[in-house]
Every structure is written in C-alpha cells, then in structure tokens.
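Shown next, in structure tokens, is the structure this report addresses.
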Amino acid sequence: MKIIKTIATGASLALATAVFGLKPAHAAIPIQHWTQPGGAQVYLVESPAIPMLDVQIDFDAGSRRDPAPQAGLAAATALMAGKGVAARGGQDALDENQLGDAWADLGAAFGARAGADRMSFSLRTLTDPALLPRVVALAARQLGEPSWPDAVWRRERERLSAAIRESRTRPATLAALAFAHAVYGRHPYGYETTPETLARIQVADMKSRYAALIAPCRAKVSLVGAVTRAQAEEIAAQLLSRLPQGGACAPLPAVPEVAPLARAVDERIPFKSAQAHVLMGQPGYKRGDPDFFALLVGNHILGGGDLTSRLMEEVREKRGLSYGVYSSFAPGLHAGAFTVELQTRSDQAADTVGVLRQVVRDFVAQGPTEAELQAAKDNLIGGFALRIDANGKLLDNVTNIAWNGLPLDYLDHWTERVSQVTAADIQAAFQRKLQPDRMVTVVVGGAGR
C-alpha cells in the first residue's frame, strides 16, 4: 500500500497544479476517435497533467430494454455484475468481498450502473506503470467474467424490495412515480420497479441479457487521462478481451418513441404532510434535437438558473409560495420529460399550481426578454470552464459526445452555439416542444379532492 500512497500524494500535487493552471474555456479540446478491430468505438482525450485515468464503457443496455414484467432488470444486472468474478484461465474465483479487497489494494475503482438508455462501466485509477496493468486486468475480469452468485441476488433482491417499500412511504417518491406514469404512459421510461417485478428476475435472466447486449462490437469506450493513443488502444482492447469475441453484431430491436400527451392530466394524491410535492410537465425532446441549444438557454431562463430564473422570481420572490422551484429537460434517446417541481404548504398548493401554469404558458407564448437572454448567456458561458475543470467532468462530456453521436469538436463550439441563440429561437423552440394546455400535474399532500 505504501507505493499507492506515494503515487496518490504526487497525483494530488499535480491536480492542484492542473486546476490552478486551467486553459481558457475556449481552448480546443482534442478528442481522438477510432474503431477497434472488434467494432468498439473508442474516444480519447489525453490529459497528462495528473497521473490518473478515467474510463467509461457504455452499452445500449439500459432500462428502456427491460421487459415490463421485469422492470428493474437492467439495474439488477449492473448491480450483480460487481458481486464476484468466476474462475477462468487458471485464475481463482473472487467473491464480492475478495473483489472489493482487490480493488482497495490497487487504490482503484470499477463498477457498473444502469440508466434509462445505457449500462455504463466506470474505471478510475492512477496510471503508474506498477499499477495500471493490474488494474486493467482486474477490470477486464469483472467486465467479462461476472460470477452471478444466486445467493447474493436473493439477498440483494430482499434488500431492494425493502428499500422500495420504505420509499413508498415518502411523498416525493409517490409524486415521482405518478408523474412518470402519466408522462410516459406505457413507454419503458415510465416503468416502475416493484418487489413484484424484482421477484420475476432470476440470475438466468441477467446472464441472458448480459450475453445479448454486453459485447465488444456494441461498446463505446471513452478515456480521459495521462495515457497516449497507443496505450489507450491497448487498454480498450484488454478491457473488452474477456467478453465473447467475433460474430455479427446484429442491430438491436427498436424501442418505440414516447407518445405525446393527448390531454391534460391532473392528479391529486392525499398525504398527511405539511408540505405538498408538486410536479408539472410533459414529454420533452430527444437529445439529438436541433433545438437543443435554444431549449438549454431557454430553460436556464425559465427555471434552470436557480435564484435568477423567472419561476423563482414569480413563485418565490413575488409570492413566497415556495423556497425553491426548478424546471428541467431530460433528453435521451427518446423524449425525456420536461419537469417543473417544487414543494409548498399543502393549503396553498392550488394557488401555486395556478402560478406555475401561468408562468409556463406566458413563457411559451412570449419567450424571454432580451435582458433575461443576455443574463442567461453570460451565466452559461462564464460557467463553461467549470464543466470541464476535472477529468471526471471532462469524461462526462466525452461520453455525451460518444453516446449521442455529436461532432468531435462539440465542446470547442459550445460557447459559440450558446451565444448565437436568440429570443426568437427560444420562443419558437418552446412552442414546438411544449403544449401548456396538455400538461401533467401531480400534487402529493393535503386532503386531496
């Protein structure tokens, strides 16, 4: 462990130097891209300032591919992929405790998570030559040879089921579930993981899913850190080397799009609480939509800009109806939700909903003022450097480019694209995406109707 501590100390000093020596926000960020022989798409940013490496491997294996009766399969598969590795090639099996100890001894971290669209495997390590080969070898084992211990899954299923039952006692959970059901309907984005759906998931289902979706030809590998192109090629190849190789990578079945709302939905759920949880919104847009920058800047003005937003001004500052109110879009491979959310006193929930609807209606109809637009641009452009001031943040941006098929120079032109947005662009984009007369409104709290 002494060598790891020594290396880590050096990395901390280098990190301090790197942070205080940041390049201007407009400086080019060279992203290298190539395709490995097995079909994996690789994206690299060489960042030699600190001796560290961050890697993310993404697969089209998120919850949008869950069967409805087995909602939660993607998350369960990602969880169990880290619960041990099998004995292969003369190497002993490692149970979950031994695997955790092995990562601790290396001073590195590797794990999986599943979102709506993708399953992601993330690695963070120092790049010291004494450690890096061992780290990559262990990550390759964990990615390619999970052991799927049935007894551990039965334990984890009980733990997850208990957590779900407990979460249903909280108004915020009830509001989020009702909102997702109403906005997404039967689309997988709206599926709810329950103790019943988890009970239908067996280890065999995870193995089958993993074999079908986690393959080198489906991988998008993003690397940011102190490695060269040659090193990155070798690391990417080794990380994927224990997955099944070869064979045709057939296209995956298409997932239906989110259906637009046909009418407004108003759902009031009684709950004994002093505060009411309010969610309002509807399906928004896909990440590849050409209106992305107009909607980004517009939402910053409407409700994404914290204390400076129009919703904050109308709801909190003028009327004192809530401590905080926020709006957001969640674009993905499908139309993620536009959401306005807040908490307010139960006895003033109806008045608050009325104000929210009016503010959104006015913004969609009229767009922002020039003063609001300039303030939003100044804030977004001025804060751009904070989006890329650490390897982890830069990796998030690189994976965004890789996953969504964005241009490699996307970050180089980000501030330019923001600066070009006009008030008319925002007004037109919001009118194309939002229909204020067809919003979902969910209020949890108070006595109900």
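Listed by position, the helices (runs of 4 or more DSSP H) enclosed by the stretch 365-449 that each have at least 3 residues that are of a type in the set (G, A, S) and within 30 Å of D351 (Cα to Cα) are 370-382, 423-433.
Criterion first (of a type in the set (A, V, I, L, M) and not assigned by TED's automatic domain parsing to the domain that holds E145) does L223 satisfy it?
Working: of a type in the set (A, V, I, L, M): yes; not assigned by TED's automatic domain parsing to the domain that holds E145: no.
So L223 does not fit the description; no.
For the stretch 198-232, how many residues meet the condition of being basic (K, R) and within 16 Å of A40 (Cα to Cα)? Number of matching residues: 3. Being under 27 Å from the mean Cα position of the chain (by Cα), of a type in the set (S, T, N, Q), modelled with pLDDT of 95 or more and within 18 Å of A112 (Cα to Cα) is the requirement here; does Q238 meet it? Considered against the rule, which asks whether it is under 27 Å from the mean Cα position of the chain (by Cα), of a type in the set (S, T, N, Q), modelled with pLDDT of 95 or more and within 18 Å of A112 (Cα to Cα), Q238 comes out as yes. Listed by position, the helices (runs of 4 or more DSSP H) inside the stretch 90-196 whose residues that are within 30 Å of L53 (Cα to Cα) number at least 3 are 96-106, 132-144. With respect to G100, is the statement that it is within 16 Å of the chain's Cα centre (by Cα), modelled with pLDDT of 95 or more and surrounded by fewer than 19 Cβ atoms within 10 Å (Cβ to Cβ) true? In short, no.
Summed over the stretch 290-345, the residues that are in contact with a His (Cβ under 8 Å, 6 or more places away or on another chain) and without any contact (Cβ under 8 Å) to a residue 40 or more places away in the chain give a count of 1.
Could you tell me whether F271 is of a type in the set (A, V, I, L, M, F, W, C), over 25 Å from L342 (Cβ atoms) and assigned by TED's automatic domain parsing to the domain that holds R345? Give the steps one after another, and end with the answer.
Working: of a type in the set (A, V, I, L, M, F, W, C): yes; over 25 Å from L342 (Cβ atoms): no; assigned by TED's automatic domain parsing to the domain that holds R345: yes.
When the stated conditions are applied, F271 does not pass them.
Inspection of the stretch 182-200 finds no residue satisfying the criterion of being in contact with a Pro (Cβ under 9 Å, 6 or more places away or on another chain), hydroxyl-bearing (S, T, Y), assigned by TED's automatic domain parsing to the domain that holds N400 and modelled with pLDDT of 95 or more. Looking at this structure, is P37 surrounded by fewer than 16 Cβ atoms within 10 Å (Cβ to Cβ) and farther than 23 Å from L395 by Cβ? Criteria met by P37.
Exactly one of (1) assigned to a loop (DSSP other than H, G, I, E, B); (2) under 30 Å from E257 (Cα atoms) is unmet by R319. Its number? That leaves (2) as the condition not met.
Here C249 fulfils each of the conditions (1) outside the structural domain of R157 (by TED's automatic domain parsing); (2) more than 30 Å from V355 (Cβ to Cβ); (3) modelled with pLDDT of 95 or more apart from (3).
Kindly indicate whether P69 is surrounded by fewer than 18 Cβ atoms within 10 Å (Cβ to Cβ), out of contact with any Phe, Trp or Tyr (no Cβ under 9 Å at 6 or more places or on another chain), at pLDDT 95 or above and within 30 Å of E156 (Cα to Cα). Quick ask: steps written out before the conclusion?
On the way: surrounded by fewer than 18 Cβ atoms within 10 Å (Cβ to Cβ): yes; out of contact with any Phe, Trp or Tyr (no Cβ under 9 Å at 6 or more places or on another chain): yes; at pLDDT 95 or above: yes; within 30 Å of E156 (Cα to Cα): yes.
Yes, satisfied.
When restricted to residues that are part of a strand (DSSP E or B) and not aliphatic (A, V, I, L, M), the stretch 249-293 contains 9. Within the stretch 335-347, at least one residue is surrounded by fewer than 19 Cβ atoms within 10 Å (Cβ to Cβ) and either out of contact with any Phe, Trp or Tyr (no Cβ under 7 Å at 6 or more places or on another chain) or among the hydroxyl-bearing types (S, T, Y) (or both).
The values are calculated or read from the model by the stated rules, or taken from the named source; none is laboratory data. These numbers were taken from a predicted model, which means no experiment stands behind them. Counting neighbours? That spans all protein chains shown, and the Cβs are built from the backbone with ideal geometry, glycine included.
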